[in-house]
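What follows is a single structure, written as structure tokens, with notes after it.
The values are calculated or read from the model by the stated rules, or taken from the named source; none is laboratory data. No experiment lies behind these values; they were computed from the predicted model shown. Methodologically, a virtual Cβ is constructed for each residue, glycine included, from the backbone with ideal geometry; neighbour enumeration extends over all protein chains shown. Ligands, DNA and RNA are stripped out before the accessible areas are found, and what is left, the full protein with its side chains, is counted by its heavy atoms. Shrake-Rupley method; radii C 1.70, N 1.55, O 1.52, S 1.80 Å.
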Amino acid sequence: SGREILNLNDMKPNIALIDWANDHTLGLFDLEAQFRALSIRHMAVAKDRSIAFGCQYQGDPNDLPPLVGTVDAGGKVVLFDMPEVELMGMANYVGSMSLDKAEEIVAATSPQGGSVALWNRKSGTFLTRERMSDVCGVAALGEAHDFLLTSGNDGVRRLIAGAETLPRISNDRLQNWIWDNHLLP
């Protein structure tokens, strides 16, 4: 069936916490029924055991559901808001997720939307959306609020929360490669 979606009407997106050593489910956290067409794809786990997650929307492309959220250590699921024009720039698709080194900021990339968006992890407040063609890889850099970004056709850049530009990493050799979906620090 290739990439054909086979179970759209039966989707029940959730995050399951599993104790793999003892083959035991610790918790199952469902999204509300109205978000059943959100496919949870990517996660970043904080030291406090909260989980930031990103989704791809499998419903009507004209819908604009939230795409990023968190599950806190107590199991509370929160989907993050963002202004509609910014959400449109995500093209209903999150390609990768990361937390910054301080675990204060959630970053979500959208290669389809050519965007990377940032939120405050604790409050869920939307911070910014920056443009970068085909951006998907994202990883925390050594400084709080800094991220490394990779693209299939726009090289390697640095995102500093609050800055107005995405400077290229100066190593020209890095710019010559085509970067795929995910990135580890």
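Surrounded by 15 or more Cβ atoms within 10 Å (Cβ to Cβ), within 23 Å of residue 13 (Cβ to Cβ), under 14 Å from the mean Cα position of the chain (by Cα) and not acidic (Asp, Glu) - does that describe any residue in the stretch 176-184?
Yes, the conditions are met somewhere in the stretch 176-184.
Those strands (runs of 3 or more DSSP E) of the stretch 1-61 in which at least 2 residues are out of contact with any helix residue (DSSP H, G or I) (no Cβ under 8 Å at 6 or more places or on another chain) and open to solvent by 70 Å² or more (accessible area, probe 1.4 Å), considering only elements entirely within it, cover 24-30, 38-45. If the condition is being over 13 Å from the mean Cα position of the chain (by Cα) and acidic (Asp, Glu), then the stretch 98-116 contributes 103, 104. For first residues located in the stretch 48-68 and on the phi < 0 side of the Ramachandran plot, partners that are part of a strand (DSSP E or B) and of a type in the set (D, E, K, R) and lie 6+ apart or on another chain with Cβ distances below 6 Å form the pairs 56/41. Give the stretch 80-96 a look and list any residue that's open to solvent by less than 20 Å² (accessible area, probe 1.4 Å) and touching a Gly at 6+ places or on another chain (Cβ under 7 Å), or say none. Scanning the stretch 80-96 gives 80, 89, 90, 94, 96. The selection criterion, being closer than 20 Å to residue 42 by Cα and either touching a residue at least 40 places away in the same chain (Cβ under 8 Å) or loosely packed, with under 15 Cβ neighbours inside 10 Å (or both), holds for residue 129. Checking the stretch 169-178 against the condition returns no match, with no residue being closer than 25 Å to residue 47 by Cα and of a type outside the set (S, T, N, Q).
Checking each residue in the stretch 67-79 for being open to solvent by less than 10 Å² (accessible area, probe 1.4 Å) and not in a strand (DSSP E or B) picks out only 67.
Quick grid of which residues meet (1) in contact with an Asp or Glu (Cβ under 8 Å, 6 or more places away or on another chain); (2) of a type in the set (Phe, Trp, Tyr); (3) part of a loop (DSSP other than H, G, I, E, B):
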site: 86; (1), (2), (3): no, no, no
site: 101; (1), (2), (3): yes, no, yes
site: 108; (1), (2), (3): no, no, no
site: 113; (1), (2), (3): no, no, yes
site: 124; (1), (2), (3): yes, no, yes
site: 129; (1), (2), (3): yes, no, no
site: 138; (1), (2), (3): no, no, no
site: 153; (1), (2), (3): yes, no, yes
site: 159; (1), (2), (3): yes, no, no
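Flag set for residue 102, criterion: under 21 Å from residue 184 (Cα atoms) and open to solvent by 10 Å² or more (accessible area, probe 1.4 Å).
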